[in-house]
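Visitor: Below you'll find the structure I mean.
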Amino acid sequence: MADFQDRFMRQHAPAGARALEIDAGLRAYMLGVYNYMALGVALTGIVAYATASSPALLQAIFGTPLGFVVMLAPLGFVLALSFGINRMSVGTAQVLFWLFSGVMGLSLASIFIVYAGADIARVFFITTAMFGAMSLYGYTTRRNLASMGAFMFMGLIGIIIAMLVNFFLVSSALDFAISVIGVVVFVGLTAWDTQRIKEVYLSGYGEEVLAKSAIHGALSLYLDFINLFLMLLRLLGNSRN
């Protein structure tokens, strides 16, 4: 009876009141997505720094075949969350997201060896500013970014292919081009993913679906942020080597 009354009141509430309710719910949903994403990035940073601070741990990971496992494991988590999240419980999806963030920290520990801490911190703040600006644009713009998102996704495929080619060519010019294009691609994907996450909430799914979608959305923004950070670090960081 109470559920029927609640639905009746929602359906017959003034349009302005419904709009305010939707807006408040959307802000809470997006805040939850950003909290997941920010905590994931923080966990990655902590694990990466702690790993880089331990020569024994670095040797155990990157000096043995375990390094290949650590480098490839994040891809497994991404695939599991991307294609299997609908069959998982919310709790399982959360655990996988935190495990993914931690394993990413292990795989990114090497950047503390290659780059100075000051460079890493500087690029991190630049990345945060760029990510925040583009995410805000994706949230507030009335322009449909679907076509841009499709173009950026094609650019992402091109970057992956170019990186595989450059693995054999070892061309500094191609590496520079990959980094520049990568920044453009992940800046664009940040805006597109933000708009896509917003549209998921406005589609009116149930609570469980939205809870899973918040985790999946956080994963998308996390990947945009980390990859943008790495591309900027390649451009702006001074390698110790």
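Any read-out appearing in this document is the output of simple, stated calculations on the displayed coordinates, not a laboratory observation. None of these values were measured; they are calculated from a predicted model. We place every Cβ from the backbone using ideal geometry, glycine too, and count neighbours over all the protein chains shown.
Visitor: Can you list the residues of the stretch 197-241 with backbone N under 13 Å from a point 7 Å past the Cα of ALA146, pointing along Cα to Cβ?
Guide: Answer for this model: 199-200.
Visitor: May I pose another question? Each label point is 7 Å from the Cα along the Cα-to-Cβ direction; what then is the distance between the points at SER53 and LEU66, in nm?
Guide: Label-label distance for SER53 and LEU66, simple model: 1.9 nm.
Visitor: Helix-derived [θ] at 222 nm for the chain: sum -39500 (n - 2.57) over DSSP H runs of at least 4, divide by residue count, nearest 500? Can you show the working numbers first?
Guide: Details: 10 runs with 206 residues, N = 241.
Using -39500 (n - 2.57) per qualifying helix, the result is -29500 deg cm²/dmol.
Visitor: Which order do peptides 51-58, 102-109, 28-35 fall in by mean Cβ count within 10 Å, highest first?
Guide: Ranking, from highest mean packing down: 102-109, 28-35, 51-58.
Visitor: Say each of TYR139 and PHE153 gets a label point 7 Å from the Cα, pointing the same way as Cα to Cβ; how far apart are those two points in nm?
Guide: About 2.4 nm, to one decimal.
Visitor: For the stretch 175-222, state what percent of all Cα-Cα pairs lands in each successive 10 Å bin, counting from 0 Å until the bin that includes the largest distance.
Guide: Histogram of Cα-Cα distances, whole percents per bin: 25, 40, 22, 11, 2.
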